[in-house]
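One structure is given here, and the rest of the page talks about it.
The values are calculated or read from the model by the stated rules, or taken from the named source; none is laboratory data. Quick caveat: nothing in here was measured; it's all calculated off a predicted structure. When we count neighbours, we look across all protein chains shown, and the Cβ atoms used for this are built from the backbone with ideal geometry, even at glycine. Remember, those area values only see protein heavy atoms, side chains included, never the ligands or the DNA or RNA. Shrake-Rupley method; radii C 1.70, N 1.55, O 1.52, S 1.80 Å.
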Amino acid sequence: MTTRDDALALDSADPLARLRDQFALPAGTIYLDGNSLGVLPAAAAQRAQMVLATEWGEGLIRSWNDAGWFALPRRLGDKLAPLIGAAPGEVVLTDTISVNLFKLLSAGLHLQQARAPTRRVIVSERANFPTDLYIAQGLIKQLDRGYTLRLVDDAAALPDAIDDTTALVMLTHVNYRTGYMHDMATLTRLIQQKGALALWDLAHSAGAVPVDLNGVEADYALGCTYKYLNGGPGAPAFVWVPQRHQKTLTQPLSGWWGHRAPFAMTSDYQPDDGIGRFLCGTQPIVSLALVECGLDVFSQTDMHALRRKSLALADLFIDQVQARCGAFGLKLITPREHAQRGSQVSFEHPQGYAVIQALSARGVIGDYREPHGMRFGFTPLYTRFVDIWDAVDALYHVLASETWRAPEFAVRGNVT
C-alpha cells in the first residue's frame, strides 16, 4: 500500500464495513483504544432509556420477572459463549474480573487441596496484568497455609516453572502491554499433564481473537465485556466454568444469587447446580442490559472474519509506522507473527506518554502503559483501513514536529 486511496479501496471491499454504522463514533476521531474501552453501540442509549423509563420506571419490581432481569446474567452468558468456544450454561456475566478471579482461584485451590494437598503454588508471569497478581497475593495471605505465587520473567520459562508443587497456573491469553498471545492449546495441555489446573484471563481476547475453551479443554476462564465486546465502562465481567467442573467447585463468595433457590430464604447455603453458583449478590441490571447491545453486533459476523481483518489492520499499521516513523526512536514490542499476536500493536518510545497525549490532541486516541509503551488497539467492527493510514500520518507529524514536547502533554491524569 502506497497511498491513502489504497486504504479507501480496502474499506470499499471490506465485508465488515457495514457494522461500523452500528456504533456512535465521535466525528473527527480515530479511535484505536478499543483494547481498553470499547465504543458506544448506537443501540445502547435507547436500551438504557428503556430500562430506566419503562422497565424500572413503569414496571418497577415486577421487571425482575416481567422484563427478564433475573435471568439476564445467564442469558447474556449464553449469548457470549460462542465467542469463546463455550457451551450454553457455561458462562455467566457478573461482578468484575478481580472479584471473579478471586472466586476461581479460591475454588481451584480448594479443589486441589482435596485431591493433591501438597500442591500449594500458583504459577503466573511477572508481566501479567497487575490486578491478577494482586488478587493472587491477597488470597494467599488469607489462606495462610503455605501457598506461594511463583512468577516467571519469560513465557519460555513456563514449562520449567510448573512442577509437582503447582496447584494452578494463571495466565492472561493476550498480554495487556505487548499484545503477545500464548498458544492456549499447547500450554493448557502442558499444565494439565503436570497435574495443575489451567485458568485463563481473556480480557484482551474475548471479541478480539478466536478462542476455543472447550476445544482446548481449559479448566476455567474469565474476562471483561468493556473492551472489545463494547459493553460500556465498568460493565460486568464474565466467568466460564465447563460442565465437567461445575458441581465440584466451591466458590468463596456464597451470596444469595448463587443459591439454588434464593427466594426460598433458607438459612443454609445450597449452591446452584450449574454456572449460577458463581453469582453472588444482586446484579447491576442497567449495566448488564447495555452489554447485550455490543453482543448483538457480534451475532452478525464471526470471530474468524474479525480476526482476518484485525491482522490486516495491524499489519498495515506496523508496516506504515516502521516505513514512515522509523527514524524517531520507536521500538516494536508486539510480535509480527500472527499466531503470537492479539488485536493490538505496541511501540515503545522514551516519551511515549507525551506522544500519546499529543496524538489525542490531533484526534487519534491510543493509550499508554508503563514503561514507555504506546498501545494501539484494532477493533474490526468499527476500525477502517483509512483510519490506520490517517493515524500513522498524525503520528509522523507529532514525532517530526516534536509537538509532544509541549508542557501540557507531560501532565499525568489519574488514568493513563
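For volume of the Cα convex hull per residue in Å³, the listed values are (1) 199; (2) 351; (3) 147; which was obtained by calculation from the structure presented?
Read-out taken from this structure: (3).
Can you pick out the pairs among 141/247; 141/194; 309/331; 79/247; 247/309; 79/331 whose Cα atoms lie more than 29 Å from each other?
Going by Cα-Cα distance, 247/309; 79/331 fall outside the 29 Å limit.
Using a 1.4 Å probe over the heavy atoms of the protein chains, calculate the carbon and sulfur portion of the accessible area of the chain as a whole percent.
54
Please give the helix 130-143 orientation as an angle from the longest Cα principal axis of the chain, in degrees from 0 to 90, rounded to the nearest 10.
Between the helix axis and the principal axis of the chain, the angle is about 20 degrees.
Tell me, what are the semi-axes, in whole angstrom and largest first, of the equivalent ellipsoid of region 72-183 as set by the roots of 5 times the Cα gyration tensor eigenvalues?
Semi-axis lengths for region 72-183 are 25, 19, 14 Å.
What residues have an amide H closer than 5 Å to that of residue 94, excluding those fewer than 5 places away on the same chain, when H is modeled at 1.01 Å from N in the peptide plane?
Counting only residues 5 or more places away or on other chains, the set is 237, 238, 239.
For the chain, what is the accessible area per residue in Å² when the probe is 1.4 Å?
That works out to 42 Å² for each residue.
Report the antiparallel proportion of the DSSP beta bridges in the chain as a percent, rounded to a multiple of 5.
55
What order, most packed first, do the peptides 74-81, 352-359 have when packing is the mean number of other Cβ atoms within 10 Å of each residue?
In descending order of packing, they fall as 352-359, 74-81.
Under 8 Å for C-alpha pairs, at least 6 residues apart: give me the relative contact order for the chain, rounded to a whole percent.
Relative contact order here is 22 percent.
Using a Gaussian network for the chain with springs between C-alpha atoms less than 10 Å apart, which of these wobbles most: 124, 267, 63?
Its mean-square fluctuation being the largest, the pick is 267.
Suppose accessible area is computed on protein heavy atoms with a 1.4 Å probe; arrange 194, 331 from highest to lowest.
Ranked from most to least accessible, the order is 331, 194.
For every helix of n ≥ 4 consecutive DSSP H residues, a contribution of -39,500 (n - 2.57) applies; sum these over the chain, divide by its total residues, and give [θ] at 222 nm rounded to the nearest 500 deg cm²/dmol.
-10500 deg cm²/dmol
State, to one decimal in nm, how far the label point of residue 1 lies from the label point of residue 286, with both points 7 Å from Cα in the Cβ direction.
Reported label-point gap for residue 1 and residue 286 is 3.9 nm.
Roll a 1.4 Å probe over the protein heavy atoms and report the accessible area of residue 408 in Å², nearest 10.
Here the residue's solvent-accessible area equals roughly 110 Å².
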